[in-house]
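K.L.:
The structure that follows is given in the form of structure tokens.
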Amino acid sequence: MRKKITILVVDDTETNIDILLNLLGDDYDLTVALSGESALEIANTESLDLILLDIMMPQMDGYEVCEILKANDKTKDIPVIFITAKTDEDSIEKAYEVGGIDYVTKPFKPRELTARVKTQLNLKFLIEDLEFIASYDQMTGICNRRKFFELAERKFLTDKNNLYAVMIDIDKFKLINDTHGHPIGDAVIIKVTETISQYLESEFIFGRLGGEEFAIVCNCESLDEITQKLERIRKAVDSFELLSDKNESIKCTISMGCSKIKQETKNLDALLKEADVALYEAKGSGRNKIIFRS
């Protein structure tokens, strides 16, 4: 269930603001800015779903405000509907050129205004839903393979300090599927994901690469620190159990391979490959363990 939708109204004329509050205030949370500068400050500090932006304002007009919003990664995806008394084609064309998604002319026609607002909000939420489906694993809710590599690549390029990669595999997962069926296998994957997630910090990048294989990319101060974190995860997975439909106890373990970035590590793939080699060593030497490569 979505939170109540928040709309920022930007207009230096209080009469226009009062009209918009009366038209939209019952259905949405409205925040008001009387200048472009104030609008930019609010957009950078609050979570907004839509901006209604007047074009003609002193000091900074709506075009400039919109250009600044669209140049900022934090605010570029907030849809902007221009509200304006200007109806000439040049003004309307410029509204779209600077990043506006629609415009409403003054004086406001209530049904037109509410319909345009509703349409753009529906489009925004549809895009967000599609982006979520494209970026997150539908079973577990964590990053899918594509999103994991996108975020991990960004971290590799921007924050190499004490960077670690961890590859994780559920041990003998095929046997679980063959013995208890795929629904139980799915339940094991979900439970393992939940267990691992409990021990990860918010800035850790955690993804399901496919099947029973997971990966983490993170910064840790020392080998001891990441060792402790991974060991807690390993023990937590080793200790939980699920019950099958026949009331059979189902347990599982995980193997992990971990690598730390080195001066000669050229790219993310090289870092992950080192972790993958360590993972196979862990699985080949008894499973339910962590192997480090430095």
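K.L.:
For Thr31 and Leu200 in the same chain, what is the full-extension length gain: residue separation times 0.36 nm, less their Cα-Cα distance, in nm? Spell out each step's value before the answer.
P.N.:
Values: separation 169, 0.36 × 169 = 60.84 nm, distance 3.53 nm.
Gain in length upon complete extension: 57.3 nm.
K.L.:
Still on this model: Rounded, prolate or oblate: which fits segment 1-140, taking a ≥ b ≥ c as square roots of the Cα gyration tensor eigenvalues, rounded meaning a/c under 1.5, else prolate when a/b beats b/c?
P.N.:
prolate
K.L.:
Tell me, what ³J(HN,Hα) does each residue in segment 22-27 have, in order and in whole Hz, if you take phi through Karplus 6.51 cos²θ - 1.76 cosθ + 1.60 with θ = phi - 60° and put x for Gly and Pro?
P.N.:
Here the 3J(HN,Hα) series is 5, 6, 10, x, 6, 9 Hz.
K.L.:
Can you tell me, using C-alpha contacts under 8 Å and at least 6 residues apart, the relative contact order of segment 145-293 as a whole percent?
P.N.:
Averaging sequence separation for qualifying contacts and normalising by length gives 31 percent for segment 145-293.
K.L.:
How high is the relative contact order of segment 6-135? Use alpha-carbon pairs under 8 Å, at least six apart in sequence, and give a whole percent.
P.N.:
Contact order relative to length: 20 percent.
K.L.:
Right, next: Can you give me the relative contact order of the chain as a percent, contacts being Cα pairs under 8 Å and 6 or more apart?
P.N.:
RCO, the chain: 13 percent.
K.L.:
Show the residues, 5+ positions off or on another chain, whose built amide H is closer than 5 Å to the amide H of Leu163.
P.N.:
Under 5 Å from the amide H of Leu163 lie the amide H atoms of Ile261, each far enough along the sequence or on another chain.
K.L.:
Then there is this: Would you mind checking the tilt of helix 110-135 against the longest principal axis of the Cα atoms of the chain, expressed as 0 to 90 degrees and rounded to 10?
P.N.:
Tilt relative to the chain: about 20 degrees.
K.L.:
Between rounded, prolate and oblate, where does segment 65-164 land on the alpha carbon gyration tensor, with a ≥ b ≥ c its root eigenvalues, rounded for a/c under 1.5, else prolate if a/b exceeds b/c?
P.N.:
Oblate.
K.L.:
Can I ask one more? Count neighbours as other Cβ atoms within 10 Å of each site's Cβ, and list the trypsin sites (Lys or Arg not before Pro) in segment 198-288 that are DSSP loop with at most 15 such neighbours.
P.N.:
Of the trypsin sites (Lys or Arg not before Pro), the ones in loops of segment 198-288 whose Cβ has at most 15 other Cβ atoms within 10 Å are Lys246, Lys251, Lys262, Lys266, Arg287.
K.L.:
Tell me, what ³J(HN,Hα) does each residue in segment 186-194 have, in order and in whole Hz, if you take phi through Karplus 6.51 cos²θ - 1.76 cosθ + 1.60 with θ = phi - 60° and put x for Gly and Pro?
P.N.:
4, 4, 5, 4, 5, 5, 4, 4, 4
K.L.:
Related question: Under the Kirkwood approximation for Rh and a Cα-based Rg, what ratio Rg/Rh is obtained for the chain?
P.N.:
Using Cα coordinates only, the ratio equals 1.14.
K.L.:
When the Cα centres of segment 109-162 and segment 1-72 are compared, how far apart do they sit, in Å?
P.N.:
Distance between centres, Cα-based: 22 Å.
K.L.:
Kindly express, to the nearest 10 degrees and within the range 0 to 90, the angle between helix 268-284's C-alpha long axis and the longest C-alpha principal axis of the chain.
P.N.:
For helix 268-284, the angle is close to 30 degrees.
K.L.:
Counting each pair of different Cα atoms once, what's the Kirkwood radius of segment 149-287 in Å, rounded to one decimal?
P.N.:
For segment 149-287, inverting the mean 1/r across all distinct Cα pairs yields 15.6 Å.
K.L.:
Mind jotting down the distance between the C-alpha centroids of segment 92-106 and segment 176-229, whole Å?
P.N.:
After rounding, the separation between the Cα centres reads 46 Å.
K.L.:
Give a residue-ordered list of calculated ³J(HN,Hα) values for segment 145-162 (Karplus: 6.51 cos²θ - 1.76 cosθ + 1.60, θ = phi - 60°; whole Hz; x for Gly, Pro).
P.N.:
Running phi through 6.51 cos²θ - 1.76 cosθ + 1.60 with θ = phi - 60° gives 4, 4, 5, 4, 5, 4, 6, 5, 4, 5, 5, 4, 7, 10, 8, 7, 5, 6 Hz.
K.L.:
Taking the Cβ of Glu201 as the centre, find all other residues whose Cβ is under 15 Å away and add up their charges (Lys, Arg: +1; Asp, Glu: -1).
P.N.:
Details: positive: Lys155, Lys229, Arg232; negative: Asp159, Glu203, Glu221, Glu225.
Taking every other residue near Glu201 into account, the sum is -1.
K.L.:
Whats the longest run of the chain with zero GluC sites (Glu not before Pro) that are DSSP loop and have at most 15 other Cβ atoms within 10 Å?
P.N.:
Numbers: sites that count: Glu46, Glu201, Glu203, Glu221, Glu241, Glu248, Glu264.
Result, exposed sites excluded: 47-200.
Rule-based calculations on the coordinates, nothing more; no lab input. Since the model is a prediction, treat every value here as computed from it, not as a measurement. So basically every Cβ, Gly included, is an ideal-geometry build from the backbone, and we count neighbours across all protein chains shown.
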